[in-house]
Amino acid sequence: QKEVEQNSGPLSVPEGAIASLNCTYSDRVSQSFFWYRQYSGKSPELIMSIYSNGDKEDGRFTAQLNKASQYVSLLIRDSQPSDSATYLCAVNKAAGNKLTFGGGTRVLVKP
Amino acid sequence: KAGVTQTPRYLIKTRGQQVTLSCSPISGHRSVSWYQQTPGQGLQFLFEYFSETQRNKGNFPGRFSGRQFSNSRSEMNVSTLELGDSALYLCASSWDRGTSGSNGYTFGSGTRLTVV
């Protein structure tokens, strides 16, 4: 079992719809959780961080964390073609900065 | 505010050679981490340096090494290159939260290494 698992996709959503991405992690001591967006040929870009159970909203993005179920999700509201990218879930369990990344979910937003 | 700067952007090396990649973190960031990204394995953690000390290490062979200087700049070295080392090498810097977890990274643009 991988430490951080994501559906590879592609997740195809129509423009204006909500894209829902899921991520599960295996280690219960995980403390910090992140969503990165990576466009083809570019480096990952941090879009959300979440540290405690519940929801965290930032613009069109909402991250949800459920530590009991070891589950993190990302909602993208009013999806735009510019949201088409690979979304990477990352988890940190150690002191310091050692993030473990999932394989990423490719999202395609169709006009 | 300058981002994370990696040099060179592209590199072609021959099997058996060694290579050194450089990373300058965001000003004030003392934690620098290195990742290897390949289509098959995704992003894999190499190591993290903080205050010139290796604080975390991934599961890579000893051919992969790194160091950090007093100004937080970091280098990674790969010796005896193999074809399978062809990848995008990403450097990332971060503020330090100590035992409270991580603030997440800002990544550099990466160095694309091709081993022939």
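Which condition breaks for B:Lys13 when tested against (1) surrounded by 15 or more Cβ atoms within 10 Å (Cβ to Cβ); (2) over 14 Å from the mean Cα position of the chain (by Cα); (3) free of Cβ contacts under 8 Å to residues at least 40 places away in the same chain?
Result: B:Lys13 fails condition (3) only.
Which condition breaks for A:Glu57 when tested against (1) without any contact (Cβ under 8 Å) to a residue 24 or more places away in the chain; (2) within 29 Å of B:Leu88 (Cβ to Cβ)?
For A:Glu57, the failing item is (2).
Look through the stretch A:4-19, keep the residues that are in a strand (DSSP E or B) and either acidic (Asp, Glu) or over 22 Å from A:Asn92 (Cα atoms) (or both), and return whichever of them is farthest from the chain's Cα centre (by Cα).
Looking only at the stretch A:4-19, we keep the residues that are in a strand (DSSP E or B), and these are A:4-6, A:11-14, A:19.
Adding the requirement that they be either acidic (Asp, Glu) or over 22 Å from A:Asn92 (Cα atoms) (or both) leaves A:5, A:11-14, A:19.
Values: A:Glu5: 11, A:Leu11: 13, A:Ser12: 16, A:Val13: 16, A:Pro14: 19, A:Ala19: 11 Å.
My answer is A:Pro14.
Checking B:Thr80 against (1) on the phi > 0 side of the Ramachandran plot; (2) within 13 Å of chain A (Cβ to nearest Cβ); (3) not aliphatic (A, V, I, L, M), which test does it fail?
Exception for B:Thr80: condition (2).
Restricting to the stretch B:64-81, count the residues that are part of a loop (DSSP other than H, G, I, E, B) and in contact with an Asp or Glu (Cβ under 8 Å, 6 or more places away or on another chain). Talk me through it step by step, then tell me what you get.
Filtering the stretch B:64-81 down to residues part of a loop (DSSP other than H, G, I, E, B) leaves B:69-73, B:79-81.
With in contact with an Asp or Glu (Cβ under 8 Å, 6 or more places away or on another chain) added as a condition, the list becomes B:69-70.
Result for the stretch B:64-81: 2.
Just for the stretch A:52-73: of the residues that are in contact with a Phe, Trp or Tyr (Cβ under 7 Å, 6 or more places away or on another chain) and within 14 Å of chain B (Cβ to nearest Cβ), which one is farthest from A:Glu15 (Cα to Cα)? Walk me through it before giving the result.
Of the stretch A:52-73, the ones in contact with a Phe, Trp or Tyr (Cβ under 7 Å, 6 or more places away or on another chain) are A:63, A:65, A:70, A:72.
Then drop every residue that is not within 14 Å of chain B (Cβ to nearest Cβ), which leaves A:63, A:65, A:72.
Details: A:Ala63: 20, A:Leu65: 26, A:Val72: 24 Å.
Across the stretch A:52-73, the extreme among qualifying residues is A:Leu65.
How about the stretch B:45-85: which of its residues are closer than 19 Å to B:Trp95 by Cα, without any contact (Cβ under 8 Å) to a residue 24 or more places away in the chain and over 13 Å from the mean Cα position of the chain (by Cα)?
Residues satisfying the conditions are B:Ser51, B:Glu52, B:Thr53, B:Phe69, B:Ser70, B:Asn71.
Residue-by-condition table, conditions (1) within 20 Å of B:Tyr105 (Cβ to Cβ); (2) of a type in the set (Phe, Trp, Tyr); (3) in contact with a His (Cβ under 7 Å, 6 or more places away or on another chain); (4) surrounded by 12 or more Cβ atoms within 10 Å (Cβ to Cβ):
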{"site": "A:Gln1", "(1), (2), (3), (4)": "no, no, no, no"}
{"site": "A:Gly9", "(1), (2), (3), (4)": "no, no, no, yes"}
{"site": "A:Ala17", "(1), (2), (3), (4)": "no, no, no, yes"}
{"site": "A:Leu21", "(1), (2), (3), (4)": "yes, no, no, yes"}
{"site": "A:Arg28", "(1), (2), (3), (4)": "no, no, no, no"}
{"site": "A:Tyr36", "(1), (2), (3), (4)": "yes, yes, no, yes"}
{"site": "A:Tyr39", "(1), (2), (3), (4)": "yes, yes, no, yes"}
{"site": "A:Ile47", "(1), (2), (3), (4)": "yes, no, no, yes"}
{"site": "A:Tyr51", "(1), (2), (3), (4)": "yes, yes, no, yes"}
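Mind listing whichever residues of the stretch B:1-25 are in a strand (DSSP E or B) and among the polar types (S, T, N, Q)?
We begin by selecting, within the stretch B:1-25, every residue in a strand (DSSP E or B); these are B:5-7, B:10-13, B:19-24.
B:Thr5, B:Gln6, B:Thr7, B:Thr20, B:Ser22, B:Ser24 - these are the residues of the stretch B:1-25 that are in a strand (DSSP E or B) and among the polar types (S, T, N, Q).
Can you pull out the residues in the stretch A:80-103 that are aliphatic (A, V, I, L, M) and at the interface with chain B (Cβ under 10 Å from one of its Cβ atoms)? Quick ask: steps written out before the conclusion?
Of the residues in the stretch A:80-103, the ones aliphatic (A, V, I, L, M) are A:85, A:88, A:90-91, A:94-95, A:99.
Passing the criteria: A:Leu88, A:Ala90, A:Val91, A:Ala94, A:Ala95, A:Leu99.
Any idea how many residues of the stretch B:1-53 are in contact with a helix residue (DSSP H, G or I) (Cβ under 9 Å, 6 or more places away or on another chain) and within 25 Å of A:Lys2 (Cα to Cα)? So that I can check it myself, show each step before the final result.
Start the filter on the stretch B:1-53 by keeping residues that are in contact with a helix residue (DSSP H, G or I) (Cβ under 9 Å, 6 or more places away or on another chain), which leaves B:13, B:15, B:19, B:36, B:38.
Those left that are additionally within 25 Å of A:Lys2 (Cα to Cα): B:36, B:38.
Count: 2.
FYI, it's all coordinate maths here, none of it is from the lab. What you see is a predicted model, and the numbers here were worked out from it, not measured in a lab. For neighbour counting, all protein chains shown are included, and Cβ atoms are generated from backbone atoms with ideal geometry for every residue, glycine included.
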